[in-house]
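Structure, as structure tokens:
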Protein chains: 2
Amino acid sequence: MSVPLYQAKAEMFRTLGHPVRIRVLELLQAGPRPVRDLLAEIDVEPSNLSQQLAVLRRTGVVVSFRDGGSVMYALSTPDVADLLAAGRRILGAVLTDRDGLLAELRAHSPAD
Amino acid sequence: MSVPLYQAKAEMFRTLGHPVRIRVLELLQAGPRPVRDLLAEIDVEPSNLSQQLAVLRRTGVVVSFRDGGSVMYALSTPDVADLLAAGRRILGAVLTDRDGLLAELRAHSPAD
DNA sequence: TGCCGAATTGCAGAATTCTTCAATTCGCGG
DNA sequence: CCGCGAATTGAAGAATTCTGCAATTCGGCA
């Protein structure tokens, strides 16, 4: 493996690090959707959405295929939903903790 | 909520989108560690590591405190481990799928 | 075939993020 | 108080990512 594992992981997370891309993934959790729908819900220029979709495709978290007159996108694996859920959890935990945990850790250390 | 939720999520993921930061988090899964240790294992300049640690601190995924002569870092919540695990799973799934899922999805669509 | 809407691609400028060097802070021990 | 090692901060240039416009591709359909 010429590219270290942690670099691949970083790339994976960096792929999710964009508001539009996050929204796309959340919308896709409910099932495959045509680009047209995403465009209607996300409020971003078509070309911009395409760019972001391309990023998601490149990393492999979504796949696309044509369905009649429109292009459909779908999560490549339901595991993506887990990732989003974990993110949500941490966001919650982080907002609640802020100081709490820090104090506890410090209490157990021989420092003070 | 002036800052949309999906923007906060994106920020959270973007925080993990860097090889050094990922490594730090993985090392911290085993418990709190002094900067000195991280520095010894990661092969990056001290100032660079500090910068990355600052990013992690800003987002709140890690906390730091002083322990005698050194500064300790720790995950702010064990949920972070879940996130890393989910990332690993997706990485695996994505590498295996490549085409497989796509074909299946296409089969169910009225397209072809 | 020729047109139309849907979606993507190619770029260029703007905005962010990375990396490194030098300077600074902070505790601790002499 | 002064010097030291540990870690952080500030700042600047390099590198990467974002955004929007124009042009292009691709199917489907008259």
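What do you get for Rg/Rh of the stretch B:3-61 when both radii come from the Cα atoms and Rh is the Kirkwood radius? The partial results should precede the final answer.
Working: Rg = 12.2 Å, Rh = 12.1 Å.
A ratio of 1.01.
Quote the total accessible area buried by chains A and B together, excluding ligands, DNA and RNA, probe 1.4 Å, nearest 100 Å². Show your work: numbers first, answer last.
Values: alone 7800 and 7800 Å², together 11390 Å².
Adding both sides of the contact gives about 4200 Å².
Could you derive backbone 3J(HN,Hα) for the stretch B:16-33 from the dihedral phi with the Karplus parameters 6.51, -1.76 and 1.60 (θ = phi - 60°), listing whole Hz in sequence and x where the residue is Gly or Pro?
8, x, 7, x, 4, 5, 4, 4, 4, 4, 5, 5, 6, 4, 7, x, x, 9
Any idea of the accessible area per residue across the stretch B:5-108, 1.4 Å probe, to the nearest Å²? Could the numbers behind the result be given before it?
Working: 4970 Å² over 104 residues.
It amounts to 48 Å² per residue over the stretch B:5-108.
With a 1.4 Å probe and all protein chains in place, put B:MET72, B:MET12 in order of accessible area, largest first. Spell out each step's value before the answer.
Working: B:MET72 25, B:MET12 5 Å².
Output order, biggest surface exposure first: B:MET72, B:MET12.
Out of residues 5 or more away from A:ASP67 or on other chains, whose amide H comes under 5 Å of its own, with H placed 1.01 Å from N in the peptide plane?
Those lying under 5 Å, H to H, from A:ASP67 are A:MET72.
In nm, what does the list of distances from A:GLY69 to its counterparts in the other copies look like, shortest first, when each label sits 7 Å along Cα to Cβ?
Ordered by increasing distance: 7.4 nm.
Report, as an integer, the average count of C-beta atoms from other chains found within 10 Å of each Cβ along A:77-89.
6
Using a 10 Å cut-off on Cβ to Cβ distances, tally the other chain neighbours for every residue of B:63-76 and report the average as a whole number. Intermediate values should be presented prior to the final figure.
Numbers: counts 10, 2, 8, 4, 6, 3, 0, 1, 0, 4, 0, 3, 2, 9.
Mean shielding by partner chains, rounded to a whole number: 4.
In whole Å, what are the Cα extents of the stretch B:5-108 along the three principal axes, biggest one first?
So the three principal-axis extents are 63, 31, 23 Å.
Round to the nearest 10 and report in Å² the accessible area of A:ASP37, as given by a 1.4 Å probe over the protein chains' heavy atoms.
Only protein atoms counted, so the area is about 60 Å².
If amide H atoms are built 1.01 Å from N in the plane of the peptide, which residues on other chains or at least 5 residues away come under 5 Å of the amide H of B:SER76?
Under 5 Å from the amide H of B:SER76: B:VAL62, B:VAL63.
Residue by residue, what Karplus-based ³J(HN,Hα) values in Hz, rounded to whole numbers, does the stretch A:77-88 have, using 6.51, -1.76 and 1.60 with θ = phi - 60° and x for Gly and Pro?
These are the phi-based 3J(HN,Hα) values: 8, x, 4, 4, 4, 4, 4, 4, 5, 4, x, 4 Hz.
What distance in nm separates the simple spin-label points at B:SER70 and A:ALA74, each placed 7 Å from Cα in the Cβ direction?
So the two model labels end up 5.0 nm from each other.
The values are calculated or read from the model by the stated rules, or taken from the named source; none is laboratory data. Model, not experiment: these values are computed from the prediction. With ideal geometry, Cβ positions are generated from the backbone for all residues, glycine too; neighbour counts draw on all protein chains shown. Quick note on the areas: whole protein, heavy atoms, side chains included, nothing else; ligands and nucleic acids left out. Shrake-Rupley method; radii C 1.70, N 1.55, O 1.52, S 1.80 Å.
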